[in-house]
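Below is one structure; the comments refer to it alone.
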Amino acid sequence: MTAVAPETPGRVRAFLRLVAIEHSVFALPFAYLSAFVAMWPERRWTDLLLITVAMVGGRTFAMAANRILDRKIDAQNPRTRNRELVTGAVSVRTAWTGAVVSIAVLFLAAGLLNPLCLLLAPLAVIPLIVYPYAKRFTSFPHYVLALAQAVAPVGAWIAITGTFAGSGPAWVLGAAVGLWIGGFDIIYACQDVEVDRRIGVHSTPARFGVRTALRISTATHVVTFALFVWFGALVGLSWLWWVGLALTAVAFGYQHVVVTEHDLSKVNRAFFTANGFVGIALFLFALLDLILL
């Protein structure tokens, strides 16, 4: 009997699982925040839609490329050996097709926003490509990821204004977002210390051990919080922002309390609960601040 190829909807769902499309929620709120601050009090919904399309396209490309380039590493790690490219649920050809379509979507959205966005789009892609290779030559690949994530607020500002003029707050917010995600990536990598050392994957935990890595992550998030404070002061946000920031401090504290050197079982809970809360809460409190005050 001739095998029947899986239906296209099944392949699409598998690809979306591969790139963890739902994780777009982490950086997207900060792109919106930067855009709203740049345009306020205007509401340019078309630009916001294009920013969303560009962000999702860029992130999807990054995740697809990362999974493709890491598939042999993933196959050697018990935690990741069930990923779609390892099991065959998604073919390498399908993953590359999705990556190419995603990068084309990014460039299309950038071109529709303004010429400067289109001109800078290739520069935004560079850290997305470098990140999968970083774990092969540096113990600090997490900060390459931080650079890739920092692009979002700056890109959103340029998408609205079409210029670098006055973009200082976006750079501060970008640095905060990048270090926030980079700091958590260090925590996440603690799960794979023994495997990474055995197969030659570089990371901060593999190089320095879990205890020191968690301390580096904590220090990174202290800097993150200071940058969020600086951003709020730069753009003149009022008490609602500071309330949101206080709640964010609790989320950061929770993240670093539940994940310890001797208990990494709650890493995923910290990832979804604390990180999801930080992005959404800060965006909502800042938006309320802009609307009401």
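The values are calculated or read from the model by the stated rules, or taken from the named source; none is laboratory data. Just so it is clear, the structure is predicted and the values come from calculations on it, not from any experiment. Cβ atoms come from the backbone with ideal geometry, glycine included; neighbour counts cover every protein chain shown.
Report yes if some residue within the range 69-77 is over 25 Å from VAL235 (Cβ atoms) and either of a type in the set (Phe, Trp, Tyr) or modelled with pLDDT under 90 (or both); otherwise report no. Within the range 69-77, not a single residue is over 25 Å from VAL235 (Cβ atoms) and either of a type in the set (Phe, Trp, Tyr) or modelled with pLDDT under 90 (or both).
For the range 247-271, the candidate set comprises residues that are in contact (Cβ under 8 Å) with a residue 24 or more places away in the chain and outside any helix (DSSP H, G or I); within that set, the residue that is nearest to PRO153 (Cα to Cα) is VAL259.
Of all the listed residues (ALA274, ALA213, ALA189, ALA219), the sole one being part of a helix (DSSP H, G or I), aliphatic (A, V, I, L, M) and closer than 26 Å to GLY168 by Cβ is ALA219. A count restricted to the range 63-86 and to residues that are among the basic types (Lys, Arg), surrounded by 15 or more Cβ atoms within 10 Å (Cβ to Cβ) and closer than 17 Å to GLY200 by Cβ stands at 1. Scanning the range 147-178 for residues that are polar (S, T, N, Q) and crowded, with 24+ Cβ neighbours inside 10 Å returns a single hit, GLN149.
Yes or no, residue by residue, for (1) out of contact with any Leu (no Cβ under 7 Å at 6 or more places or on another chain); (2) under 18 Å from TYR131 (Cβ atoms):
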residue	(1), (2)
ILE160	yes, no
PRO169	no, no
TRP180	yes, yes
VAL193	yes, no
SER217	yes, yes
LEU234	yes, no
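The residue that is modelled with the lowest pLDDT, among those in the range 242-293 that are surrounded by 14 or more Cβ atoms within 10 Å (Cβ to Cβ), hydroxyl-bearing (Ser, Thr, Tyr) and farther than 20 Å from TYR32 by Cβ, is THR273.
Would you confirm, using the coordinates I've provided, whether ALA89 is assigned to a loop (DSSP other than H, G, I, E, B) and surrounded by 17 or more Cβ atoms within 10 Å (Cβ to Cβ)? Judged against the criteria, ALA89 is a match. The number of residues in the range 52-93 being among the hydroxyl-bearing types (Ser, Thr, Tyr) and within 20 Å of the chain's Cα centre (by Cα) comes to 3. The residue that is farthest from GLU42 (Cα to Cα), among those in the range 272-293 that are in contact (Cβ under 8 Å) with a residue 12 or more places away in the chain and either β-branched (Val, Ile, Thr) or touching a Lys or Arg at 6+ places or on another chain (Cβ under 6 Å) (or both), is THR273.
Inspect all residues belonging to the range 220-235 and state whether any of them is modelled with pLDDT of 90 or more, over 20 Å from the mean Cα position of the chain (by Cα), surrounded by fewer than 16 Cβ atoms within 10 Å (Cβ to Cβ) and over 20 Å from GLY182 (Cα atoms). Yes: the range 220-235 contains one or more residues that are modelled with pLDDT of 90 or more, over 20 Å from the mean Cα position of the chain (by Cα), surrounded by fewer than 16 Cβ atoms within 10 Å (Cβ to Cβ) and over 20 Å from GLY182 (Cα atoms).
For the range 196-212: of the residues being among the hydrophobic types (A, V, I, L, M, F, W, C) and over 17 Å from LEU69 (Cβ atoms), which is surrounded by the fewest Cβ atoms within 10 Å (Cβ to Cβ)? Per the stated criteria, the residue is PHE208.
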